[in-house]
Amino acid sequence: MEIEVKGHSGCSIEIFRQGKELYILKGTQDSKYVERLYRQALKQQNAAKEEYQFVRIPQIDEIEKDDSHMVMKMEYVYSHNFVDHFEAAGFEQVNYFVKAIRLFLQREIEQSAMTNLSKQIVMDKFDDVVCKVKSNTFFDMDDEIKQLIEASSRCFETLPETLQIPVGRCHGDLTFSNILFNGNNYYLIDFLDSFIESPLLDMVKLRQDTCYRWSTLMYDGNFDETRFHIVADSIDSQLDACFMQYDWYKNYYNAFQLMNFLRILQYAKEEKVVNYLKNTIQSILNHE
């Protein structure tokens, strides 16, 4: 039996059987997306060469690419999504997940180098995001968004001319939606290029879900919101307490989380998403 679904990126995803094994074919025929998907596949292949405690990376066995299309063949993982997993999980399992993610990030930090990063890199990314936000005709830069952009600009201007952060390793999109849950093993998928390859960006993406509940906003099914919020709060408080040992996290987390949600805003096409992003961006600015 073959099942074909569509991912959030617009890629085609086909699950198929070869002999006794199941595989996933993920691909695109959008020539503008070919190189990006190719880089993602290579990044996941490289990550799969590493050994992590409790964390697994599905193997990408084949990549086929030309100028007009690209497709990867990846092992299929029997798993639950984050909602199903956390609805059934007790606090022992929740704490086990926190430990696994903490160890994964610790490994990333160890494999990264403390780097003096120019503030201009952040400002250039902000300018690029603002340009794309202005071109989004869905909300046509209403007054509230204009005010948020102006306040964000002031926030980024206060950054020091040189930011010292670890650079080297980064999943790039480490959200609940990109973690497959199989008992006490956690499979990371959909690696993504980041404008700065830093573990700090993975901390930002994790707390996008644990603190700000982004993935539940995009989840279509029914779930116990109260239970999920209790679990997410527990995960978030433990991760935040762990991350606070790093000065670069304490100094720059808010600014990079602000940038993260501004980058999501540039693609927003639904009123509920725009309203959520306005409120979230404002709450981050209130903590600056």
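A Förster radius of 41 Å combined with the Cβ-Cβ distance from GLN53 to SER31 puts the calculated FRET efficiency at roughly 0.55.
Hey, got the dipole for the range 82-286? About the Cα centre, +1 on K and R Cβ, -1 on D and E Cβ, debye to the nearest 20?
320
State the antiparallel share, in %, of DSSP beta bridges confined to the chain, rounding to the nearest 5. Rounded to the nearest five, the antiparallel share is 95 percent.
The residues ILE230, ILE109, when put in order of fewest to most other Cβ atoms within 10 Å, stand as ILE230, ILE109.
Taking trypsin sites (Lys or Arg not before Pro) in DSSP loop conformation with at most 10 other Cβ atoms inside 10 Å as exposed sites, the chain has its longest uninterrupted site-free stretch at 50-268.
Where does each of ASP124, ASP240, ASP140 land when they are ranked from fewest to most other beta-carbon atoms within 10 angstrom?
In order of increasing Cβ crowding within 10 Å: ASP140, ASP124, ASP240.
Of ILE15, ILE235, ILE196, the residue with the greatest mean-square motion in the GNM of the chain, using alpha carbon springs below 10 Å, is ILE15. When each of THR226, THR162, THR216 is scored by the number of other beta-carbon atoms lying within 10 Å, the sequence from fewest to most is THR226, THR162, THR216. Once the Cβ-Cβ distance of LYS20 and ASN185 is raised to the sixth power relative to R0 = 25 Å, the FRET efficiency obtained is 0.75. The range 244-288 and the range 15-93 have Cα centres separated by 27 Å.
Express the relative contact order of the chain as a whole percentage, based on alpha carbon pairs under 8 Å and six or more residues apart in sequence. List each step's numbers first, then the result.
Details: 402 pairs, mean separation 53.9, N = 288.
About 19 percent, as a whole number.
Work out how much length ASN286 to ALA113 would gain on full extension: take 0.36 nm times their residue separation and subtract the Cα-Cα distance, in nm to one decimal. Walk me through the numbers before you get to the answer.
Details: separation 173, 0.36 × 173 = 62.28 nm, distance 3.14 nm.
Result: 59.1 nm gained on full extension.
Tell me what the chain gives for mean residue ellipticity at 222 nm when only DSSP H runs of n ≥ 4 count, each as -39,500 (n - 2.57), the sum divided by the residue total, rounded to 500 deg cm²/dmol.
-16000 deg cm²/dmol
Of the beta bridges DSSP finds with both residues in the range 3-75, what % are antiparallel, to the nearest 5?
100
Amide H contacts for GLN164 (H built 1.01 Å from N in the peptide plane; partners 5 or more residues away or on another chain; cut-off under 5 Å): LEU117.
Extension gain for GLU225 to ILE264 (0.36 nm times residue separation, less C-alpha to C-alpha distance): 11.7 nm. Were the residues from ASP140 through GLN120 laid out at 0.36 nm apart, the gain over their Cα-Cα distance would be 4.5 nm. Got a sec? Which residues in the range 98-122 would a label at GLN245 touch, if it sits 7 Å along Cα→Cβ and we count backbone N under 18 Å? It comes to 98-114, nothing else. Identify the residues of the range 118-152 with backbone N under 16 Å of a label point that sits 7 angstrom from the Cα of ASN275 along the Cα-to-Cβ direction, or state none. Once the point is set 7 Å along Cα→Cβ of ASN275, 139, 144-145 turn out to lie under 16 Å by backbone N, inside the range 118-152. Projected over all directions and averaged, the alpha-carbon convex hull of the range 3-75 occupies 5.5 nm².
Read the figures in this text as sums done on the coordinates, not as results from a lab. Note that the structure is a prediction, hence the values are computed from the model and not measured. Neighbour counts run over all protein chains shown; Cβ positions are idealised from the backbone, glycine included.
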